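Undergrad: Sharing a structure with you now.
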Amino acid sequence: MDDARFVSLRLPQVDDRARYAAAYWPLTAGNLVRRHGLRAPPAHGYAAAVRISPRLRERWHALYDSRDLDDPPYLYNQGVGTLLYSRLFADLGINFRHVRHALHRTEHACPRRYAQADRQTLQCRVSGLSRLDRGKALVELHTAIRRPREEGGELLAGVTDSFVILALPERATGALPEVGRQQMLAVLRPGRGREVGCEPAAERREARFDAPADIGRRYGRVAGDSNPVHTSRAFSALFGIERPFMQGLCLRNAVVRALAGFGLPLDRLSMSFTSPALVGQAFAIVAEGPRFTVLDAAAAPVALGDVG
């Protein structure tokens with residue numbers, strides 16, 4: 001998309017806690033109380049600059065205990081990305097209570113160059129909107145991560161997140177293109193349904209990720225996403241979920257840490273979220289070749305995907 005199609009915003013960095021909170025909480029509160037619906041996406045996207053400070057990098061490494069690794073491609077820029085996503089959800093008229101994170105994809109031009117870029121520009125837009133079935137829609141948001149224009153504007157990575165929107169009136173989805181069920185299963189279950197009988201057995205590797213009760217709050221401090229559904233039992237009940245659950249991208253970054261530790265390539269990551277990752281337990285991240293599964297304490301899968 002041409003730069004002219006993005007509205008340029010000056011947004012606070014997550015390090016500046018007071019200014020960031022002043023930008024984040026009005027957007028989040030509005031997205032939790034607004035009347036739920038679905039409007040046509042805006043013709044424009046939003047763009048904003050990101051500055052990743054050494055202190056912020058250190059906080060990410062402390063959260064994921066990864067000081068021994070050489071620059072895993074974490075979403076260090078997510079503080080600004082959270083504000084951009086929140087604006088797009090507001091434009092669409094969606095209430096967060098009816099949003100479920102379904103799929104995340106990242107494609108890096110070079111994971112190392114991306115991870116080491118301290119200054120970036122994010123260009124975020126609605127890239128897809130379709131009907132699943134009665135009362136449900138799939139919203140796709142895409143973010144191009146670039147070096148600043150004065151540094152050449154090189155594309156560093158592309159990030160796509162797909163969200164299932166529930167409880168929509170029929171009139172809100174009737175005119176949307178429909179996603180077939182088989183296509184939907186293929187989108188939301190990467191790695192499933194492939195023929196594996198003729199493939200050689202892959203080495204099985206496993207890492208543990210502890211998600212204590214305060215993980216949602218701790219992740220919010222480095223990534224900006226402090227939505228109370230991830231920190232408060234009362235708010236998670238609004239989602240019909242018994243206790244707070246991890247941010248999808250918190251789990252994504254835990255997977256990146258584990259796979260980087262295994263020495264797997266991270267040029268491309270595709271990950272679907274199969275059920276909420278409830279806090280207060282330990283998760284196993286199991287990789288067999290390029291495919292991985294995240295299992296909760298009861299050995300039930302909460303996410304799966306592959307890398308390349």
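Undergrad: Just the residues that are closer than 17 Å to ALA303 by Cβ, among the aliphatic types (A, V, I, L, M) and at pLDDT below 95, please, taken from region 185-242.
TA: Answer for region 185-242, where residues must be closer than 17 Å to ALA303 by Cβ, among the aliphatic types (A, V, I, L, M) and at pLDDT below 95: LEU185, ALA186, VAL187, LEU188, ILE241.
Undergrad: What residue, of ARG243, ARG233, ARG252, is touching a residue at least 60 places away in the same chain (Cβ under 8 Å) and among the charged types (D, E, K, R)?
TA: ARG252
Undergrad: Out of region 87-113, which residues are within 27 Å of VAL33 (Cβ to Cβ), surrounded by fewer than 20 Cβ atoms within 10 Å (Cβ to Cβ) and among the small types (Gly, Ala, Ser)?
TA: ALA90, GLY93
Undergrad: Still on this structure, please answer the following. I'd like to check something: does region 36-56 contain any residue that is in contact with a strand residue (DSSP E or B) (Cβ under 6 Å, 6 or more places away or on another chain), surrounded by fewer than 15 Cβ atoms within 10 Å (Cβ to Cβ), in contact (Cβ under 8 Å) with a residue 24 or more places away in the chain and among the hydroxyl-bearing types (Ser, Thr, Tyr)?
TA: Scanning region 36-56 turns up no residue that is in contact with a strand residue (DSSP E or B) (Cβ under 6 Å, 6 or more places away or on another chain), surrounded by fewer than 15 Cβ atoms within 10 Å (Cβ to Cβ), in contact (Cβ under 8 Å) with a residue 24 or more places away in the chain and among the hydroxyl-bearing types (Ser, Thr, Tyr).
Undergrad: Next up: Of the residues that sit in region 155-177 and are more than 26 Å from LEU251 (Cα to Cα) and surrounded by 14 or more Cβ atoms within 10 Å (Cβ to Cβ), which one is modelled with the highest pLDDT?
TA: Across region 155-177, the extreme among qualifying residues is LEU168.
Undergrad: Another question about this same structure. Test GLN116 against the criterion of being over 17 Å from the mean Cα position of the chain (by Cα), touching a residue at least 60 places away in the same chain (Cβ under 8 Å) and surrounded by 14 or more Cβ atoms within 10 Å (Cβ to Cβ), and give yes or no.
TA: So GLN116 fails the test.
Undergrad: Let me ask something additional. Restricting attention to region 231-247, which residues are under 21 Å from ALA284 (Cβ atoms) and within 19 Å of the chain's Cα centre (by Cα)?
TA: PRO244, PHE245, MET246, GLN247
The values are calculated or read from the model by the stated rules, or taken from the named source; none is laboratory data. What you see is a predicted model; the values in this text were computed from it and never measured. Using ideal geometry, Cβ is built from the backbone for each residue, glycine included, and neighbour counts are taken over all protein chains shown.
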